[in-house]
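The values are calculated or read from the model by the stated rules, or taken from the named source; none is laboratory data. Computed from a predicted model, the values in this text were never measured in an experiment. In this analysis, Cβ positions are derived from the backbone assuming ideal geometry, glycine residues included, and neighbour counts consider all displayed protein chains. Ligands, DNA and RNA are excluded from the accessible area calculation, which covers all protein heavy atoms including side chains. Shrake-Rupley method; radii C 1.70, N 1.55, O 1.52, S 1.80 Å.
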2 protein chains.
Amino acid sequence: MTTKLRIVPLGGLGEIGKNMTVIEYGDEIIIVDAGIMFPENDMLGIDLIIPDYNYILDKSDNILAVLITHGHEDHVGALSHLMREIDAPIYATRLTAGLIEGKLRQAKLQHDVSLRTIEASDVLHIGAFTVEPFHVAHSIPDGVGYGITTPVGLIVHTGDYKFDHTPVDGWPPDFAKLAEFSNRGVLCLLADSTNADRPGWTQSETVITDAFDELFRQAEGRIIVATFASLISRIQQVANAADLYGRKLAITGRSMRDNSKIARKLGYLDIPDDLLIDISQANSLPPEKVAILVTGSQGEPTAVLGRLANGRHPKLSIEEGDTVVLSAHPIPGNEEMIYRIINRLLQRGANVLHEGIANVHVSGHASQEEMKLLINLVKPKFFVPIHGELRHLQAHGRLAQEMGIREENISVVENGTILELEEHSLTIGPRIPGGYVFVDGIGVGDVGPAVMRDRERLADSGFFIAVISLEIDGRLVEQPEIISRGFVYLEEAEEIMEGARETIAQTIGASGRNRDKIDKRIENALSRYLYTETGRRPMVYAIVK
Amino acid sequence: MTTKLRIVPLGGLGEIGKNMTVIEYGDEIIIVDAGIMFPENDMLGIDLIIPDYNYILDKSDNILAVLITHGHEDHVGALSHLMREIDAPIYATRLTAGLIEGKLRQAKLQHDVSLRTIEASDVLHIGAFTVEPFHVAHSIPDGVGYGITTPVGLIVHTGDYKFDHTPVDGWPPDFAKLAEFSNRGVLCLLADSTNADRPGWTQSETVITDAFDELFRQAEGRIIVATFASLISRIQQVANAADLYGRKLAITGRSMRDNSKIARKLGYLDIPDDLLIDISQANSLPPEKVAILVTGSQGEPTAVLGRLANGRHPKLSIEEGDTVVLSAHPIPGNEEMIYRIINRLLQRGANVLHEGIANVHVSGHASQEEMKLLINLVKPKFFVPIHGELRHLQAHGRLAQEMGIREENISVVENGTILELEEHSLTIGPRIPGGYVFVDGIGVGDVGPAVMRDRERLADSGFFIAVISLEIDGRLVEQPEIISRGFVYLEEAEEIMEGARETIAQTIGASGRNRDKIDKRIENALSRYLYTETGRRPMVYAIVK
């Protein structure tokens, strides 16, 4: 019996194989990426979501390496959780390693984890695997995909990529390496599906340069640009435009400051010292001499742009004549918040430019024509679309079929599905239990469906608790004490409180000396009364003493 | 002193003048529309939002008429609230009146309200106003705008419109009437701004016919189309395609069934009896003989499509080979839910078509080229963009300026701003207090910011309540009783409960016989303890008996 190679896309939510992919041969495992997802709107109180990686913890001694493709949160954010559990080195390119280092330090793990810096041309021998990182273009510099030669054949994992011929950092993707893999024969391609429903070719990052050029030439007041803190090339473009048009640049928002500091230190961001000012200096310069980079392009109310929109930033306020640029694409679910912020910025007199009305953002992911090019370059025998929701993976799968890959050689699967790869077959194995894990505060995985349902109910109608003291003979000692929040505005609901007390008294009166389940009976009567009066169903509890 | 005409866009949320516009001259008031808005994702527990119309209730005797433009919820949904408060007739075209009648009956108001059916060519004399409804094309039939001749001049209110030359009902907008208004001289134009950021011309509803034709020709399994219940023309298109390709049609979802019943009865929907089947019959026909119209195109989990996606519909389940069409545009804020439903439908083996990948929906609102045509047709002296968020109104205002209307003759204002119009001036008056009113269950306006903040907090971390009985000497009578929901999964949090009880005991112990504010001291100690242990901040209460 030959051993099969197992490929398991893991974790996250919605997107498949985005946050983590496990590659397993015999008793040797390598992991590609360890990222987080952000919660959806109805995941109340949840801070972030990590993949459920119990599958590998059961055999954590087998893990030989964690290969990282690039420094975005959805690819590195779970390292601070994962690395507490396993003992394997992390491999990452220089900028990515720099960003990871900060994370490990925050998690107080920097001394316990081996972080190995690699280059895009390296050849790493890790157990039964030969790992060859290759350079890709994406919306953060120094991204790589991985060619992984395994005992059953060569597999290629793209990471996040686009075929940008003119990236801002001047380093186009490594087409030659892909062609070389192809010459050697690629058994299986795992490829980024994010934009599988977008026809055409994703525009180059440099088209933004023209848009910023025009903007900086024309704007008369301050220019405030919000973008992702990790979009180092966009930061570079804004810095270049500021320099060219005689504006000083302030970078604000913790994550953006941290990232640009690391990127500058490592040489991935070229900003002269004298171009930069502190945000507190911005107010003392004439508006036409100031550009400001801020966080909050996804509408987050506590990030800098959100605070500016709501007039709650300690050092800066939006003024008539400011130009605000949202240089980012709304992640689904964030549209409402983003539009709200845009409207508030307009209210304050700013001129607001965003992707919907101006050419101020391009995607970091390949569109359909690039996907076709990739498949034609790599010519894989088997194809596994990853990185995207099921709808994207299916579209990518159809595309691969149109490119001549046979339907039975394409596997569209969900997170946790074990794919078994041999030289002549790709089969779908069992699905491992689990999915993703909620992180709330310090707690990891202690908030499950029951707690979420309670939060939903509390969010909907609040709670109503009556504390009732009864005499031994069943009479009320005193008026019940009522605590209620999130249900009605108590100060204007005296009538309802009065009715609730009466309902309690009646239920007790009707019970005589029978105290059996008196609390449940009071709760039922109260629930009915409150629903009749308000049409709402708060959580109701009666505590009888 | 001449009397000024007052125009006040009211209510709703986000969009301006969408749900209600007040037109006031001296002591005579007419109202255009009375609609609702649906709550945003972070308005926890709120069912719907109505305009704050206190401004007119203070002078409700002056209200002469409520003019309705068309039968969509955001234009008629608040009538069941408003008509309890005022005593004025509603004017609406036949289909719109039919839809309103159902609403009034539900609200048990049908005998108290005068509902007058009008036609698009009528001339109504209402107090000092001459009101001329004119036909517009929109995504529901029988829509009108209003020409209103006032003592200061003629104002034109477009309602929701698009310049569709080939609408499904064969009744194009009344260009001649707009030209006639223009000949008479239009003092002020109030126009729909919804798509002010979309270049070009909105496609005709009939382009959908081709897409459905192709779909019905090719699909081998059942065809399930989700759209807005009020999109009568889309329902007609699906019925036509079903008829043409030999499929029976089931219409399901309460609002869609109700609306099609009314539209069929009034002759706005032409569906032969023998085409229709009940949803329960759908399962006994071969898949290729079945088409089903369903509600839930906005991702609502309790509507039909949501239940199908989650496998929770009592009579129908998605099968391999079904084609599901989402024939609707996501309202901002609903994207996440819609994509989740699409992914679940794909999981169940359906083929899913939506606006993003196929030509299965067009907007019901004018785009920029139509807006330009409108302004050129009407040639107003003053221009007030309405219907849209501030960002749309500003874009529409800029467009009007490009069309030659002077900047000072354009007023972009927010809800509640009083516009004062005279023959030679349009000035921005005071802004009336208020905004919108939350409806939650039966309660109207009783859920304000304080209750919302509590719900946010409860949604985030739940509550934690300790009921503590003390002896007269300050000792604990028994172990405190703890009720907590939405905080941690209690059955696995015995350690935290133990720690909480200890915290309570320590606080009491440290207080001796001093019971002054003992509850507050316990609450503070508990909050600190729980935050340290979990990183969460539930609402904490201590009830000391």
Would any residue of region A:458-473 have its amide N under 16 Å from a label point 7 Å out along Cα→Cβ of residue A:497? List them or say none. A:463-468
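Holding the Cα-Cα limit at 20 Å, pick out from A:177/A:372; B:248/B:315; B:177/B:379; B:59/B:108; A:4/A:381 the pairs that are longer than that. Could the numbers behind the result be given before it?
Numbers: A:177/A:372 17 Å; B:248/B:315 17 Å; B:177/B:379 13 Å; B:59/B:108 24 Å; A:4/A:381 16 Å.
Over 20 Å Cα-Cα: B:59/B:108.
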Note down the relative contact order for chain A as a percent, whole number, built from C-alpha pairs under 8 angstrom at least six residues apart. 15
Region A:1-77-region B:285-311 distance, computed between alpha-carbon centres (Å): 34
Expected sort for B:123-134, A:92-103, A:494-505, A:469-480 on mean C-beta neighbours within 10 Å, highest first, is A:92-103, B:123-134, A:494-505, A:469-480
Gyration tensor on Cα atoms of region A:206-354, a ≥ b ≥ c root eigenvalues, a/c under 1.5 rounded, else prolate if a/b beats b/c, else oblate, says rounded
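So, with a 1.4 angstrom probe, what is the percent of accessible area on chain B that is carbon and sulfur?
Numbers: 10240 of 21840 Å².
Ligands and nucleic acids excluded, carbon and sulfur reach 47 percent.
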Each residue of region A:514-531 in order: what ³J(HN,Hα) in whole Hz does its phi give by Karplus 6.51 cos²θ - 1.76 cosθ + 1.60, θ = phi - 60°, with x for Gly and Pro? 6, 9, 5, 6, 4, 5, 5, 5, 5, 4, 4, 5, 5, 4, 4, 4, 5, 5
How far is residue A:213 from the same spot in each other copy, in nm, shortest first, if each label point sits 7 Å from Cα toward Cβ? 4.7
Distance between the C-alpha centers of region B:395-473 and region A:410-429? Whole Å please. 52
Under a 5 Å amide H to amide H cut-off, with H placed in plane at 1.01 Å, what residues pair with residue B:292 once short-range neighbours are removed? B:223, B:224, B:225, B:250
I'd like the orientation of helix B:232-244 relative to chain B: the angle between its Cα long axis and the longest Cα principal axis, in ° from 0 to 90, rounded to 10. 80
Residue list for region A:20-60, given a label point 7 angstrom along the Cα-to-Cβ vector of residue A:422 and an amide N cut-off under 20 Å: A:23-28
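Averaged across B:377-390, how many Cβ atoms of other chains sit within 10 Å of each residue's Cβ atom? The partial results should precede the final answer.
Numbers: counts 0, 0, 0, 0, 0, 0, 0, 0, 0, 0, 0, 0, 5, 8.
Per residue, the average neighbour count from other chains is 1.
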At R0 = 35 Å, FRET efficiency that the Cβ-Cβ distance of residue A:261 and residue A:414 yields, to 0.05: 0.35
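Counting only other chains, what is the mean number of Cβ atoms within 10 angstrom of the Cβ of each residue in peptide B:538-544?
Working: counts 1, 6, 0, 3, 0, 6, 0.
What the average comes to for B:538-544 is 2.
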For region A:2-78, calculate the relative contact order in percent as a whole number, restricting contacts to Cα pairs under 8 Å that are 6 or more residues apart. 32
Let me confirm one metric for peptide B:482-494, namely the mean number of other chain beta-carbon atoms within 10 Å of its residues' beta-carbons. 5
Taking Cα pairs under 8 Å and at least six residues apart, what relative contact order does region A:449-544 come out at, in percent? 38
Can you order the peptides A:162-169, A:393-400, B:80-87 by their average number of other Cβ atoms within 10 Å per residue, highest first? A:393-400, A:162-169, B:80-87
Measuring from label point to label point, each 7 Å out along Cα→Cβ, what is the residue B:6 to residue B:220 span in nm? 6.7
For every other residue with a beta carbon closer than 13 angstrom to the beta carbon of residue B:259, add +1 if it is Lys or Arg and -1 if Asp or Glu, then tell me the sum. +3
Enter the buried accessible area of the B/A pair, total of both sides, probe 1.4 Å, in Å² rounded to the nearest 100. 5400
Excluding ligands and nucleic acids, what accessible area in Å² is computed for residue A:42 using a 1.4 Å probe, to the nearest 10? 60
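Averaged per residue, what accessible surface does region A:206-354 expose to a 1.4 Å probe, in Å²?
Working: 6240 Å² over 149 residues.
In whole numbers, region A:206-354 has 42 Å² accessible per residue.
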Long-range amide H partners of residue A:536 with built H, under 5 Å: B:442
